[in-house]
Amino acid sequence: MPVTEPTYSREDVHRRTLRVLWASAVLSRGAFSSMFPVSVLAIKEILGSSTWAGLSTGFSTAGSALCAAWLAVFMQRNGRAPGLTRGFAAAALGGVIAIVAIQLSSLPIFLAAMLLIGAGSGAGNLSRYAAADLASEERRSREISTVIFASTFGAVIFPLFIGFAGDIAEAASLDKNAGGFAMSIILAALAAAAIWLFMRPDPLVVAGGVDPDATRKNATPFFEAVSIAMNRPLARLAFFALVIGQAVMVGVMAMTPLHMDAHGHSNGIIGAVISAHTAGMFALAPIAGWISDNRGRVPTIALGGLTLVLATSLTSLAGDASEALMFPGLFLLGLGWSFTIVAGSALLTESVEVGDRVAVQGAADMATNVASGTGALASGLVLSMSGFHTLSFIAMAAAGLLLVSAYFQFKLSSNARRV
C-alpha cells in the first residue's frame with residue numbers, strides 16, 4: 001500500500017474518494033442487480049421448483065456474512081482499496097463459476113459461486129463507509145447517500161440488458177441465464193479495477209484508521225465488536241437499524257417475483273414493480289441523507305421504521321398481488337430501507353471510537369447479512385406454507401420493533417442536541 005503523500009489535503013482525498021466510489025457503485029450495483037434475477041431463475045431451473053428459490057439470495061448473503069469479518073480485518077490492516085478490490089474480484093470469479101454450474105446443472109457448484117458473489121456484494125455494502133471516513137459530521141449522511149444514489153444508475157440500467165445478454169449466451173450455445181452472469185463478470189471486474197487504480201491515497205489511511213499490525217488474532221473479534229456497539233445506546237440502535245432494515249427489505253423483496261408470477265402477472269409488470277422498489281432504495285437516498293443530517297439520525301431511523309411498517313401493511317393486503325398495492329408497497333419498502341441504511345451507517349460510524357470503527361462496521365454488516373440470508377431462506381418456506389400476507393406480517397412486526405426502539409431512544413436522550 002503506497003504511503004500517503006503530504007501534497008494531498010484531507011479534502012482532496014475525500015473528493016477523489018467520492019468520485020471513485022460513485023463510479024464503482026454504478027458498476028458493482030449493476031453487476032449484482034443483473035445477477036439477482038437470473039440467479040433465482042437458475043435455481044428454479046436446476047431444481048425444477050420455486051420452493052427453494054431463496055437459496056440463491058440466502059447463499060449470497062451468507063457469503064457476505066462470512067466475508068465481512070475477514071474484510072474488516074484486512075481493511076483494518078491495509079486500507080479500504082485493497083479490501084474492496086478483492087471483494088469485487090471475488091464476485092467476478094463467482095460469476096465465472098456460476099456459468100459453469102448452470103451449464104452442468106450443478107446445485108452445489110452454483111451455491112459455491114453464490115458465496116463468492118456474496119463476498120463481492122458485501123464489499124459493495126462496506127464501500128459506503130469509505131465515504132464516511134473523511135466526511136464531516138454535518139455532511140456524513142449525505143456523503144454516504146451519494147454513494148447509494150450512484151448505485152441507482154447501475155441497478156436500473158444494466159438489468160435492462162439481461163434479455164439481450166441471454167440472447168447472446170444462447171447464440172453461443174450457453175444457457176440463457178448465463179448471459180446475465182457474463183455481463184456481471186465484466187462489471188464486477190471493472191469495479192475492482194476502478195478501486196485499485198484510482199482510490200489513492202486510501203481514505204482509511206488518511207483518517208488514521210489503519211493498523212498495519214492487525215491480524216485475526218489481535219484485531220477486534222466479532223463478538224467483542226458487537227459488545228462495543230451494544231454498550232453504546234446510539235451505536236446499538238444503529239446496529240439494529242441496519243440489521244432489521246435489511247432483513248425486512250430482503251425477506252419481502254426476494255419473494256415478490258414468485259408471488260406475482262403465481263398470480264399471473266407478466267415479467268414486464270414484475271420487472272416494473274422491482275424497478276419501483278429499486279427507485280425507492282437508491283434514487284431518493286440523497287433525501288434520506290439530507291433528513292438525517294438536518295433532522296437527526298435517530299428521527300430518520302424512526303421514519304425508516306414507520307415507512308417499512310406502511311410498506312408491509314400494503315403488501316400484507318396484496319393477497320392477489322394487486323398492482324395497486326404492490327407498486328406503492330415495494331416502493332415504500334425500498335424507501336424505508338434507504339432511511340435505515342443511510343442514517344444507521346452514519347450513526348454507527350460516529351458512535352464508536354475511530355480505532356473501533358472498521359471492526360464494528362464489519363460486525364454490523366456480518367450480522368446484517370446473517371439476518372437477511374436467514375430471512376431469504378425462511379421467506380420461501382413461509383410463502384409456500386402460509387402465503388405472502390404472513391410473510392408481510394412477520395416483516396411488519398420487525399419494522400414496528402425498530403420504530404418503537406428509535407422512538408424511545410429519542411425520548412430518553414439526556415439532551416436535545418441533534419445526533
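The values are calculated or read from the model by the stated rules, or taken from the named source; none is laboratory data. Predicted model only: the values in this text are computed from it and were never measured. So basically every Cβ, Gly included, is an ideal-geometry build from the backbone, and we count neighbours across all protein chains shown.
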Candidate set from the range 107-149 (those that are modelled with pLDDT under 85 and of a type in the set (D, E)); member that is surrounded by the fewest Cβ atoms within 10 Å (Cβ to Cβ): E138
Among the listed residues A194, A262, A235, which satisfies the condition of being assigned by TED's automatic domain parsing to the domain that holds V370 and closer than 29 Å to P286 by Cα? A235
Among the numbered criteria (1) small (G, A, S); (2) under 19 Å from the mean Cα position of the chain (by Cα); (3) farther than 17 Å from F410 by Cα, which one does S313 miss? (2)
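I'd like to know if the range 47-60 contains one or more residues that are closer than 22 Å to H14 by Cβ and among the hydrophobic types (A, V, I, L, M, F, W, C).
Start the filter on the range 47-60 by keeping residues that are closer than 22 Å to H14 by Cβ, which leaves none.
No, every residue in the range 47-60 fails to be closer than 22 Å to H14 by Cβ and among the hydrophobic types (A, V, I, L, M, F, W, C).
Quick one: is G154 assigned to a helix (DSSP H, G or I), at pLDDT 80 or above and under 14 Å from A72 (Cα atoms)? Outline the logic, then answer.
On the way: assigned to a helix (DSSP H, G or I): yes; at pLDDT 80 or above: yes; under 14 Å from A72 (Cα atoms): no.
In short, no.
Is it the case, given these coordinates, that S275 is in the same structural domain as V404 (by TED's automatic domain parsing), under 19 Å from G375 (Cβ atoms), small (G, A, S) and assigned to a helix (DSSP H, G or I)?
Working: in the same structural domain as V404 (by TED's automatic domain parsing): yes; under 19 Å from G375 (Cβ atoms): no; small (G, A, S): yes; assigned to a helix (DSSP H, G or I): yes.
Criteria not met by S275.
If you take the residues in the range 40-53 that are assigned to a helix (DSSP H, G or I) and either out of contact with any Leu (no Cβ under 9 Å at 6 or more places or on another chain) or of a type in the set (K, R) (or both), which one is surrounded by the most Cβ atoms within 10 Å (Cβ to Cβ)? Talk me through it step by step, then tell me what you get.
Initially, the range 40-53 is screened for residues assigned to a helix (DSSP H, G or I), giving 40-47.
Narrowing the set further to residues that are either out of contact with any Leu (no Cβ under 9 Å at 6 or more places or on another chain) or of a type in the set (K, R) (or both) leaves 41-42, 44-45.
On the way: L41: 21, A42: 28, K44: 19, E45: 15.
Only one residue tops the list, namely A42.
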Based on this model, can you work out whether A169 counts as within 13 Å of the chain's Cα centre (by Cα), in the same structural domain as A81 (by TED's automatic domain parsing) and outside any loop (DSSP other than H, G, I, E, B)? no
Could you tell me which numbered condition F32 fails, if it satisfies all but one of (1) at pLDDT 85 or above; (2) surrounded by fewer than 19 Cβ atoms within 10 Å (Cβ to Cβ); (3) of a type in the set (F, W, Y)? (2)
Please determine, by comparing only the residues of the range 373-416 that are polar (S, T, N, Q) and within 26 Å of L66 (Cα to Cα), which one is surrounded by the most Cβ atoms within 10 Å (Cβ to Cβ). S379
Selection over the range 335-372 where residues are surrounded by 24 or more Cβ atoms within 10 Å (Cβ to Cβ) and within 28 Å of A272 (Cα to Cα) yields a count of 12
Long-range neighbours under 7 Å by Cβ, at least six apart or interchain, first residue without any contact (Cβ under 8 Å) to a residue 24 or more places away in the chain within the range 22-49, second among the hydroxyl-bearing types (S, T, Y): K44/S50
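Going residue by residue through the range 77-87, is there one that turns out to be hydroxyl-bearing (S, T, Y) and either crowded, with 24+ Cβ neighbours inside 10 Å or closer than 21 Å to T374 by Cβ (or both)? Lay out the reasoning, then the answer.
Of the range 77-87, the ones hydroxyl-bearing (S, T, Y) are 85.
Now restrict to residues that are either crowded, with 24+ Cβ neighbours inside 10 Å or closer than 21 Å to T374 by Cβ (or both): none.
The answer is no; no qualifying residue exists.
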